[in-house]
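The values are calculated or read from the model by the stated rules, or taken from the named source; none is laboratory data. Note that this is a predicted model, so its numbers are computed, not measured. Every residue, glycine as well, gets a Cβ built from its backbone with ideal geometry; the counts of neighbours run over all protein chains shown.
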Amino acid sequence: MKEKKLVFMEHDGAIDDLLSQLLLLTMKEVEVIGINVTPADCFIEPAIESTFKLLQLFGNENIPIGRSDKNGINAFPNEWRARPEVINALPSLINCTYNLDPYSLPEAVDLLIDQLTLADRPVTILLTGPCSNLVEAIRKAPHIRGKIEQVVWMGGAFRTQGNVQTYQHNGTAEWNVYWDPQSSKELFVMELPLVCIPLDVTNNVPVNKEFLSTLAFQSDYFLSNLAGQLWALTIDTIPSYHYVYFMWDVLATSFISLPNEFALEEVKAVVSDRPPNAGQTQLIERGHPLKIAVDVNRKVFYEYVLNQLKTEISLQSTATALKV
């Protein structure tokens with residue numbers, strides 16, 4: 001029997017991150033060995049609650065969760081960060097048992113080091129939030145580089161406009177990079193086997209009403225119903241005067257199972273860590289080598305997501321989680 005792919009996930013608690021966690025947990029070929037939560041696009045306590053509840057629905061409470069208390073150089077807007085409070089009140093999650101003390105969890109960097117050190121084969125690091133924990137972990141324990149098979153990061157905007165629209169910025173950066181541009185710069189310098197799933201390709205996969213309507217037709221499936229509830233919370237940004245909600249993190253997560261459906265390009269790039277373009281990922285010949293996704297088979301991707309959300313979860317796990 002083929003060994004499962006080991007994956008350690010780093011996310012920052014937003015709706016798209018939690019949907020990505022949900023998608024990752026449906027992948028039968030994957031073994032998740034840990035999840036770190038960083039208070040970037042979330043407030044940490046409710047995001048840890050959401051993370052644990054999703055694990056519980058799959059009967060995976062044994063997967064360790066790490067807590068990061070890092071403060072980014074450039075904070076996400078508070079109104080975005082508050083979404084996990086709403087998520088925990090959704091009908092599919094509000095009655096889940098939750099008795100985890102978020103302050104008892106291991107520190108995120110230490111958990112990442114420990115899990116990679118213990119791994120018996122190379123690990124894929126999935127980043128759907130900032131890269132700060134990974135960079136610090138490698139700085140603290142350089143030996144873990146040898147345990148990293150690849151890093152898949154929803155990060156960057158290489159040949160397209162960024163999605164940061166704020167003071168003293170020219171709009172060239174993507175938020176996960178911009179939150180901690182210094183660590184992002186260092187990640188590129190480390191020259192890991194890095195694959196970026198940037199805005200250049202995620203801009204091709206919006207969360208539109210056509211997709212939500214199709215998902216609603218399969219809402220008899222528990223995960224489809226839950227995902228529909230989560231994506232419905234984004235409707236006030238589809239469209240808004242600035243933002244359209246895309247499948248940023250979900251697309252990056254799908255790369256774990258669908259690598260052959262992506263067109264990748266080998267490039268050299270650097271990250272700016274100063275205004276007015278802090279966080280900009282710049283293609284430059286004297287830069288550092290990495291791969292970026294430039295296209296994806298949209299039809300296969302959407303069909304894959306819809307099919308995975310038909311995954312049946314254990315009735316016993318669901319009953320335990322919901323105290324039925």
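If we scan region 58-66, do we find a residue that is under 18 Å from Leu230 (Cβ atoms) and at pLDDT 95 or above?
Of the residues in region 58-66, the ones under 18 Å from Leu230 (Cβ atoms) are 58.
Those left that are additionally at pLDDT 95 or above: 58.
Yes, because at least one residue in region 58-66 is under 18 Å from Leu230 (Cβ atoms) and at pLDDT 95 or above.
Does Arg139 meet the test of being among the basic types (Lys, Arg), outside any helix (DSSP H, G or I) and either in contact with a helix residue (DSSP H, G or I) (Cβ under 9 Å, 6 or more places away or on another chain) or surrounded by 21 or more Cβ atoms within 10 Å (Cβ to Cβ) (or both)?
No.
Looking at His143, His169, can you tell me which residue is in contact (Cβ under 8 Å) with a residue 12 or more places away in the chain and in contact with a Phe, Trp or Tyr (Cβ under 9 Å, 6 or more places away or on another chain)? Step through it out loud before you land on a result.
Values: His143 fails: in contact with a Phe, Trp or Tyr (Cβ under 9 Å, 6 or more places away or on another chain).
It is His169.
Among the residues of region 179-211, write down those that are part of a loop (DSSP other than H, G, I, E, B) and closer than 22 Å to Leu264 by Cα. Walk me through how you get there before you give the answer.
Going through region 179-211, the residues part of a loop (DSSP other than H, G, I, E, B) turn out to be 179-180, 191-193, 197-198, 203-205, 207-208.
Within region 179-211, Glu191, Leu192, Pro193, Ile197, Pro198, Asn203, Asn204, Val205 qualify.
Report the residue count in region 148-177 for those that are more than 22 Å from Gln21 (Cα to Cα) and either in a helix (DSSP H, G or I) or among the hydrophobic types (A, V, I, L, M, F, W, C) (or both). Write out each step before concluding.
We begin by selecting, within region 148-177, every residue more than 22 Å from Gln21 (Cα to Cα); these are 157-173.
In the following step, the residues that additionally are either in a helix (DSSP H, G or I) or among the hydrophobic types (A, V, I, L, M, F, W, C) (or both) were identified as 157-158, 164, 173.
Qualifying residue count for the region: 4.
Does at least one position in region 152-165 carry a residue that is touching a His at 6+ places or on another chain (Cβ under 8 Å) and either farther than 20 Å from Cys42 by Cβ or touching a residue at least 40 places away in the same chain (Cβ under 8 Å) (or both)? Full working, then the answer.
First, pick out the residues of region 152-165 that are touching a His at 6+ places or on another chain (Cβ under 8 Å): 165.
The next check asks that each one be either farther than 20 Å from Cys42 by Cβ or touching a residue at least 40 places away in the same chain (Cβ under 8 Å) (or both); those that pass are 165.
Yes: region 152-165 contains one or more residues that are touching a His at 6+ places or on another chain (Cβ under 8 Å) and either farther than 20 Å from Cys42 by Cβ or touching a residue at least 40 places away in the same chain (Cβ under 8 Å) (or both).
Could you run through region 164-184 and say how many residues are among the polar types (S, T, N, Q) and either within 15 Å of Asn71 (Cβ to Cβ) or at pLDDT 95 or above (or both)? Working first, answer last.
Of all residues in region 164-184, those among the polar types (S, T, N, Q) come to 165-166, 168, 170, 172, 176, 182-184.
With either within 15 Å of Asn71 (Cβ to Cβ) or at pLDDT 95 or above (or both) added as a condition, the list becomes 170, 172, 176, 182-184.
Selection size over region 164-184: 6.
Say we look at region 290-312 and pick out the residues that are under 15 Å from Gly228 (Cα atoms) and not charged (D, E, K, R); which of these is surrounded by the fewest Cβ atoms within 10 Å (Cβ to Cβ)?
Here the answer is Asn307.
Looking at (1) closer than 21 Å to Lys291 by Cβ; (2) surrounded by fewer than 15 Cβ atoms within 10 Å (Cβ to Cβ), which is the one condition that is false for Lys209?
(1)
Among what's in region 85-102 and is β-branched (Val, Ile, Thr) and under 21 Å from the mean Cα position of the chain (by Cα), pick the residue that is farthest from Gln229 (Cα to Cα).
If we filter region 85-102 for residues that are β-branched (Val, Ile, Thr), which is where we start, we get 86-87, 94, 97.
Remaining after also requiring under 21 Å from the mean Cα position of the chain (by Cα): 86-87.
Values: Val86: 11, Ile87: 9 Å.
Taking the candidates together, the pick is Val86.
For region 147-165, which residues satisfy the criterion of being over 11 Å from Ile197 (Cα atoms), touching a Leu at 6+ places or on another chain (Cβ under 9 Å) and not acidic (Asp, Glu)? Step through it out loud before you land on a result.
Looking only at region 147-165, we keep the residues that are over 11 Å from Ile197 (Cα atoms), and these are 147-150, 159-165.
Next cut, touching a Leu at 6+ places or on another chain (Cβ under 9 Å) only: 147-150, 159-163.
Correct list: Lys147, Ile148, Gln150, Arg159, Thr160, Gln161, Gly162, Asn163.
Checking Val271 against (1) surrounded by 19 or more Cβ atoms within 10 Å (Cβ to Cβ); (2) more than 30 Å from Pro91 (Cβ to Cβ); (3) hydrophobic (A, V, I, L, M, F, W, C); (4) under 19 Å from the mean Cα position of the chain (by Cα), which test does it fail?
Here Val271 meets the rest and fails (4).
Which numbered condition trips up Asn71, out of (1) touching a strand residue (DSSP E or B) at 6+ places or on another chain (Cβ under 7 Å); (2) more than 24 Å from Val305 (Cα to Cα)?
Just one mismatch for Asn71, condition (1).
Residues that are more than 30 Å from Ser213 (Cα to Cα) and either modelled with pLDDT under 95 or of a type in the set (D, E, K, R) (or both): list the strands (runs of 3 or more DSSP E) wholly contained in region 260-324 that include at least 1 such residues.
Values: elements: 262-271, 281-283, 288-296.
Here the list reads 262-271, 288-296.
Within 17 Å of the chain's Cα centre (by Cα), closer than 20 Å to Val7 by Cα and surrounded by 20 or more Cβ atoms within 10 Å (Cβ to Cβ): which single residue out of Leu230, Leu199, Leu127 fits that description? Steps first, please.
Working: Leu230 fails: closer than 20 Å to Val7 by Cα; Leu199 fails: closer than 20 Å to Val7 by Cα.
Exactly one residue qualifies, and that residue is Leu127.
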